[in-house]
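The structure under discussion appears below in the form of structure tokens.
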Amino acid sequence: MKKATAVLAGAGDRGAQCYAPYAKENPWKLGFIGVAEPDRAKREAFATEYGIAPGRCFNGFDELFEQPRLAEALLLCTGDRLHAAPARRAMEKGYHILLEKPMSTDAAECLELAEAAKGYDKTFILCFVLRYTEFFSSIKAAIDSGAIGAVNAILHLENIPLIDQVHAFTRGVFSETASACPIIIGHCCHDLDIISWYAGAKCARVASFGGLTHFRSENAPPGAPERCLDGCAHSGDCPYYAPNYYLTEDIGWPTSTIGTDMSFEGRLEALRTGPYGRCVYRCGNDVADNQTVIMEFENGVTATFALYPFASANARTMKIMGTKGEIRANMASNEFEIYSHLTGSRQLVKIKPSRYKYGGGDHGIMQYFTDCVLNGARGSLTSMESSLESHLIAFAAEKSRLEGVCVDVRDYVKSLTR
Ligand SMILES: NC(=O)c1ccc[n+]([C@@H]2O[C@H](COP(=O)([O-])OP(=O)(O)OC[C@H]3O[C@@H](n4cnc5c(N)ncnc54)[C@H](O)[C@@H]3O)[C@@H](O)[C@H]2O)c1
């Protein structure tokens, strides 16, 4: 059987921990033969783990693109602001591309990249991993089967577990719009993608409310120091006290991302000097920690989305109202119920638990991507074209939130292309 070859650009959490392990499990289908990563420790760790020759380890994608195409596929798993430009260069080189979301932090650049990708004859897909989970794909299949008639309205909640909020969006790499992007674009484009997938039409109008409500300096308890380890008097009653997150026995995610030395001393040092030891009220973060979006689609479907950061567990929940029934879904319990208005029956669909993290989406997209590369398919499920809509909704929502206006999405798109 033919085996696909790949290079990883960005050996961080997503690239090295979430996608690359697929090659370990399926070595007859996919092999990494190169890595581009400026962080030496991460680069060397990845090279050792995947047996990559020193001559195929690069200091970043710039150095990689100086070479002729090295492999069939390229996984671009760099940070939010390093997606569109390297993706274009990867197209010039002729790689099959797996690109992390968001496709760009600039709306016009998203339009241009999606347009350029239309004519590209290789696989080019975006990491909207939720579409590859059995949970969300089974709900889509139920909708498409006509079980609830025509979709009329959608309610979707992204209940971000507190630990994710504090680690990623308050102390971590996604906490500042200047270096990452607004949370509605960088994170919630996943949710807006699912909503528009289920709505089955383009979005006509969007309005959004919210902002950074809690993790602000004025909410710090009296006398709280800059860092938790600087003798904070509130260590016993603060749910955000850093040592309780990172100095436990568990060195899996999120602790695995605070440094490369996972010994107790190494982690202590990371908390003393790095971003993850900072008081949550003194992080200079500015991304919203509370946001609501209301949408009207061109086929009359309306949708409400809300982002809540104080959840106990990862629990995306949905209610999809149809003309003949209703679907109520809960990702935490991994099940959904289909109610029929005609018979009053309730069918409970229990999804078999995935042995992979996050409902199997990361594994699912890697399987899909590898199969596309091996079969010469372009990949339609999360193509650039089909992934564009949710980005446009997200950018329009952010415009609405900041300017206090209801945004006509097509007028907004026209304003980008003028
Ligand atoms: N699809 C999803 O479900 C999902 C979930 C979380 C995050 N993400 C996205 O994945 C992306 C990466 O997130 P992460 O958590 O892995 O971040 P990360 O910081 O752990 O990893 C990014 C890596 O890119 C490296 N890098 C920086 N400049 C580079 C360059 N020029 N060339 C090559 N590598 C370079 C960094 O050193 C870092 O190791 C982000 O855009 C994020 O929004 C997607």
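The values are calculated or read from the model by the stated rules, or taken from the named source; none is laboratory data. All figures in this text were calculated on a predicted structure; none of them were measured in a lab. Reconstructed Cβ throughout: ideal geometry from the backbone, glycine too, with neighbour counts over all protein chains shown.
Side notes on the structure shown:
- Selection of segment 49-70 for residues being within 15 Å of G15 (Cα to Cα) and in a helix (DSSP H, G or I) yields E49, Y50, F61.
- Here E337, E296 are screened, and the one residue that is out of contact with any Ser or Thr (no Cβ under 9 Å at 6 or more places or on another chain) and in the same structural domain as D191 (by TED's automatic domain parsing) is E337.
- Residue match in segment 113-129 (condition: of a type in the set (D, E) and within 12 Å of the ligand (Cβ to nearest atom)): no
- Selection status of R410, touching a residue at least 60 places away in the same chain (Cβ under 8 Å) and within 22 Å of the chain's Cα centre (by Cα): no
Condition check ((1) free of Cβ contacts under 8 Å to residues at least 60 places away in the same chain; (2) of a type in the set (F, W, Y); (3) surrounded by fewer than 14 Cβ atoms within 10 Å (Cβ to Cβ); (4) under 27 Å from P21 (Cα atoms)) across all residues:
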position: G322; (1), (2), (3), (4): no, no, no, no
position: R328; (1), (2), (3), (4): yes, no, no, no
position: S333; (1), (2), (3), (4): yes, no, yes, yes
position: S345; (1), (2), (3), (4): yes, no, yes, no
position: K352; (1), (2), (3), (4): no, no, yes, yes
position: R355; (1), (2), (3), (4): yes, no, yes, yes
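- Restricted to segment 1-52, and to residues there that are more than 10 Å from the ligand (Cβ to nearest atom) and hydroxyl-bearing (S, T, Y), the residue that is nearest to the chain's Cα centre (by Cα) is Y22.
- Filter result (out of contact with any Lys or Arg (no Cβ under 7 Å at 6 or more places or on another chain) and either among the small types (G, A, S) or not in a strand (DSSP E or B) (or both)) within segment 295-321: N299, G300, V301, A303, A306, A311, S312, A313, N314, A315
- If you go through segment 20-48 and keep only what is in a loop (DSSP other than H, G, I, E, B) and touching a strand residue (DSSP E or B) at 6+ places or on another chain (Cβ under 8 Å), you end up with A20, K29, E37.
- Of all residues assigned to segment 167-174, at least one qualifies as being within 30 Å of A270 (Cβ to Cβ), β-branched (V, I, T), surrounded by 18 or more Cβ atoms within 10 Å (Cβ to Cβ) and more than 12 Å from the ligand (Cβ to nearest atom).
- In segment 53-88, the residue that is farthest from C188 (Cα to Cα) out of those that are away from the ligand (no atom under 11 Å from the Cβ) and of a type in the set (K, R) is R56.
- Residue in segment 262-273 that is among the charged types (D, E, K, R), touching a residue at least 24 places away in the same chain (Cβ under 8 Å) and not assigned by TED's automatic domain parsing to the domain that holds A199 present: yes
- Residue list for segment 187-218, filter: part of a strand (DSSP E or B) and out of contact with any Phe, Trp or Tyr (no Cβ under 8 Å at 6 or more places or on another chain): R205, V206, A207, S208, F209, G210, G211
- All positions within segment 148-164 that are modelled with pLDDT of 95 or more, surrounded by fewer than 19 Cβ atoms within 10 Å (Cβ to Cβ) and not in a strand (DSSP E or B): G149, A150
- Scan of segment 249-268 for residues that are polar (S, T, N, Q) and modelled with pLDDT under 95, ordered by number: S256, T257, T260
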